Structure formats: structure tokens, C-alpha cells
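Below: one structure, written as C-alpha cells.
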Amino acid sequence: MQYNFPLSHSQLLELTQKHATPFHIYDESMIRGNAARLNRAFSWMPGFMNYFAVKALPNPFILRILKECGMGADCSSLAELVLAEKAGITGENIMFSSNNTPAEEFAAAGKLAAIINLDDISHIDFLEQVAGMPEIISFRYNPGPLKDGNVIIGNPEEAKYGLTRSQTIEAYRIAAEKGVRRFGLHTMVASNELNEEYHIETARILFELVVEISQKTGIRIEFVDLGGGYGVPYSPEAEELDLAKISQGIKSEYDRLIAANGLSPLRIVMENGRMITGPYGWLVARVRHLKHIYRDYAGLDASMANLMRPGMYGAYHHITVPGKDHLPHDHKYDVTGSLCENNDKFAVERMLPELEPGDLVVIHTTGAHGHAMGFNYNGQLRSSELLRRCDDSVVEIRRAETLEDHFATLDFARLKNF
Ligand SMILES: *Cc1c(COP(=O)(O)O)cnc(C)c1O
């Protein structure tokens with residue numbers, strides 16, 4: 001992994017005069033470059049589009065940039081539908097891939113004319129009742145024992161998502177009887193997967209199912225949605241996915257299964273979130289206290305409330321210390337926040353240059369599932385989000401929370417007569 005924080009030490013010092021730490025900062029030109037790289041790699045695919053998984057970085061300014069890069073939005077809640085609409089992403093450029101979905105969310109997705117991707121066979125009737133049958137529908141297939149698990153998302157057989165194979169085939173029959181005319185097929189079985197073969201296999205499984213659906217029901221599938229789950233290299237040893245290799249692998253399966261069976265053109269779309277923005281976001285924080293007990297601790301002004309991944313999955317996030325990167329990394333620290341939880345650590349026994357209170361640290365690869373997973377436990381306030389634009393200017397795209405925000409749902413006045 002090549003770490004690519006875009007600001008020099010002096011630019012960062014200048015920025016922190018204007019914007020208090022901690023904050024997440026994203027780089028627009030890197031995100032645009034990466035989106036173009038993805039589109040280029042899959043340009044042979046009929047109607048290729050990545051529906052950006054909004055949950056990875058649910059900020060409408062980022063969604064607007066991604067829309068300009070030709071992306072749609074993959075939404076799974078009412079809030080995410082609202083964000084997509086605010087960013088100007090509407091109609092079939094929204095994929096609504098939710099599970100255990102409430103009625104009002106189906107109604108909202110129906111109103112936006114989003115493509116609705118159903119997670120269960122029983123949702124066909126439910127959708128019909130609460131939003132009416134759409135013209136186009138997709139089903140989420142769970143391959144069960146056909147596919148191996150993956151650390152974050154788990155074994156498909158144990159996963160709550162999707163329909164079984166026989167249910168999937170039956171679901172198209174039912175939907176067609178109810179007047180649906182256009183059909184998609186979806187699966188999502190990986191998360192942060194860096195093995196190219198895994199992604200090629202996912203496409204093959206879907207293509208085979210498209211053939212089976214066509215043979216058994218006569219229904220012609222218009223698109224397959226390969227889901228998201230493309231990994232990014234968090235650690236120094238990990239390597240970026242080879243998109244050309246995935247693309248070629250999928251193309252040969254497409255030619256063999258889809259084109260050869262007269263089922264083309266079949267549109268191929270994806271729902272990647274992490275790989276689109278993950279490597280192009282950073283959490284900038286400052287060392288608050290150093291503490292030397294059985295181990296050495298560097299306490300930051302950020303906490304797990306700003307970045308859950310290390311505490312939640314033991315995930316590695318690279319840490320650099322601007323202005324000290326050239327010094328020997330001969331001090332071993334646990335880098336912590338201030339929550340009353342001992343998993344509130346950004347790194348455990350990490351070798352770093354000697355730290356002092358006030359030092360700035362950059363935590364890398366926080367552009368997906370970073371700020372988004374933030375929470376308010378222990379009265380922690382979520383940080384601001386900044387965007388470095390293509391002209392090098394930096395704008396705030398979300399302000400930091402205040403105590404007032406934090407207490408907005410409490411009415412202290414009522415304590416008087418309580
Ligand atoms: C989370 C999710 C995605 C995106 O996953 P990434 O790992 O960010 O690529 C896509 N589709 C669905 C249905 C999801 O739940």
C-alpha cells in the first residue's frame with residue numbers, strides 16, 4: 001500500500017489553524033481519479049454503473065461528486081434515499097438494497113422510482129400492498145453453501161440476506177404474474193475482499209443463475225448487480241485489487257455463459273462503497289496526553305467515536321506523524337481515545353517516532369465506514385468532515401457536532417416539575 005496523504009506538514013499546520021482537530025478530510029481529485037479508473041476498467045461491460053453504497057460515506061457533497069463521475073447511489077434506508085435525492089441522484093440511478101425493510105421505506109423508494117432490490121420472497125406481496133408493483137424489480141440472491149465466507153460479512157449460509165436459489169426462481173415467476181416487466185438479479189457476498197478470483201466467481205455464479213432463470217421461466221434478466229465488497233489495502237503489506245484482472249475474468253465468464261447462450265446484452269452493475277472513497281480519507285487528530293504505565297499510551301483528541309473499525313474488528317489503520325516521519329520509529333505506543341472502553345484504540349503496540357503532546361497524527365484510509373460509523377457513546381461528539389477540492393482549497397462539508405446537538409432530544413426544562 002502506498003499511503004498518499006495529500007498535504008505537506010506546513011499545509012496541515014496551516015489547515016489546523018482554521019479547523020480544530022479532530023476532523024476527517026477527503027481528497028476530491030483522488031476520488032475522481034479512482035472513479036475514472038473503475039469506469040475505465042469495466043468500460044466493456046454493457047451499461048456499467050457503480051451504485052455507490054451510501055453507507056460508506058453518507059455525505060451529499062461526496063455523492064454529488066460521484067454523480068458527476070457517472071455513479072448512482074445504493075441506498076438501504078430512508079435517510080440514505082434522502083441523501084441521494086438531495087445530491088440529485090434519482091430514478092433508476094438509485095438502487096434500493098435493504099433488508100427487513102419498513103413499509104415507509106418501500107413507499108419512499110417507489111416514489112423516487114428507484115430500482116427496488118427485494119431481500120425476501122415475502123416482500124413481493126408486502127411491496128405490492130405498500131407501494132404498488134413497480135415496472136422493474138430485482139432480487140437479492142443468497143448463494144448459501146455455493147460460496148465461501150469472508151471475514152466481515154460471514155458465511156452466506158449463516159447470513160440473514162437474500163433468497164435461496166429455488167425462492168429466487170419462484171420470485172421471478174410471481175413478480176411476472178403481477179405485471180413486472182423488467183428484472184434484475186443481485187448478490188452481495190463479500191466485504192473488503194482483496195482476492196480477485198472471489199469477485200470473478202461471484203459474477204460466474206450470477207451468470208449461471210441468469211441462464212437457469214431463463215431456461216426455467218423464460219424470463220430475460222436485464223441486469224446483474226454484483227454487489228460491493230471490493231477491498232482496499234489498509235496495511236502496508238496489502239496490495240490494491242487488480243481491476244483489469246477482475247474485469248477480464250468477468251468478461252470471459254460473460255462471453256461463455258451470457259453471450260454464448262444468446263442472453264446479451266445483460267447490463268452489469270456494482271455497489272462498491274469502500275473501494276471508491278476508503279483510501280482517500282484521513283482522520284487528523286492531535287496527541288493530547290502521553291502516559292507511561294505497563295505500556296506507553298498516546299491519547300488523542302479523537303476516539304473510537306470518530307473511527308470504530310480498529311475497536312470493532314481489530315482493523316489495521318496506518319498512522320503517520322507529519323513532521324516526524326523521517327525520524328526512527330523506535331517507540332511503541334497504544335494509540336487511544338478517551339472512551340471508558342479499553343477497545344478504544346486506534347493502534348496497539350505500534351512503532352512510531354517519539355511523540356509529544358500537541359503532535360498531529362494522521363490516521364489513514366478512513367474515507368469509508370469512518371465518520372459514518374461514528375457514535376455518541378460516553379457523550380462523544382462527532383467530528384467535522386473536510387474536502388480538499390481539485391484546486392487545493394479546503395471546504396467544510398459537515399460541521400462538528402456541538403453539545404447542543406447532542407442534547408437536542410432532551411428537554412431539560414421538564415426536570416423542574418418531574
Ligand atoms: C455494504 C453494502 C455495499 C457496499 O459494500 P462495500 O464493502 O462498501 O463495497 C453494497 N451493497 C449492499 C447491499 C451493502 O450492504
Residues meeting the amide H criterion for PHE48 (H placed from the backbone, H to H distance under 5 Å, 5 or more places apart or on another chain) are ILE268
For ALA347, what residues show an amide H to amide H distance below 5 Å, using hydrogens built from the backbone and excluding near sequence neighbours?
VAL335
I want to check the label-to-label distance for ARG399 and ALA113. Put each point 7 Å from Cα in the C-beta direction and report it in nm to one decimal.
3.7
A convex hull over the alpha carbons of the chain yields, per residue, a volume in Å³ of 166
Which ³J(HN,Hα) values, rounded to whole Hz and listed in residue order, are derived for region 263-271 from phi using the Karplus coefficients 6.51, -1.76 and 1.60 in 6.51 cos²θ - 1.76 cosθ + 1.60 with θ = phi - 60°, glycine and proline given as x?
9, 8, x, 10, 5, 10, 10, 9, 10
Could you list which residues have their amide H under 5 Å from that of GLY273, counting only those 5 or more apart in sequence or on another chain, with H placed in the peptide plane?
ALA53, GLY229, TYR230
Stick to Cα atoms and the Kirkwood definition of Rh, then tell me Rg/Rh for region 252-336.
1.29
Scattering curve values for region 42-272, log₁₀ I(q)/I(0), Debye with Cα scatterers, q = 0.10, 0.17 Å⁻¹
-0.43, -1.33
Probe 1.4 Å, heavy atoms of protein chains only: per residue, the accessible area of the chain in Å² is 44
Taking a spot 7 Å from the Cα of ARG295 along the direction of its beta carbon, which residues of region 217-235 have an amide N less than 15 Å from it?
none
Please list, in order along region 165-181, the HN-Hα scalar couplings obtained from phi with the Karplus expression 6.51 cos²θ - 1.76 cosθ + 1.60 (θ = phi - 60°), rounded to whole Hz, x for Gly and Pro.
5, 5, 4, 4, 5, 4, 4, 5, 4, 4, 4, 5, 4, 7, x, 5, 10
Of all accessible heavy-atom area on the chain, the percent that carbon and sulfur account for (1.4 Å)
49
Treat each spin label as a single point 7 Å out from the Cα along the C-beta direction, and report the GLU240 to TYR313 distance in nm.
2.1
Residue-wise, which Karplus ³J(HN,Hα) couplings in Hz belong to region 112-126, taking 6.51 cos²θ - 1.76 cosθ + 1.60, θ = phi - 60°, and x for glycine or proline?
7, 6, 5, 7, 9, 10, 7, 9, 7, 5, 5, 7, 5, 5, 4
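The values are calculated or read from the model by the stated rules, or taken from the named source; none is laboratory data. Source: prediction; values computed, not measured. We place every Cβ from the backbone using ideal geometry, glycine too, and count neighbours over all the protein chains shown. In case anyone asks, the SASA skips ligands and DNA or RNA and just uses the protein heavy atoms, side chains included. Shrake-Rupley method; radii C 1.70, N 1.55, O 1.52, S 1.80 Å.
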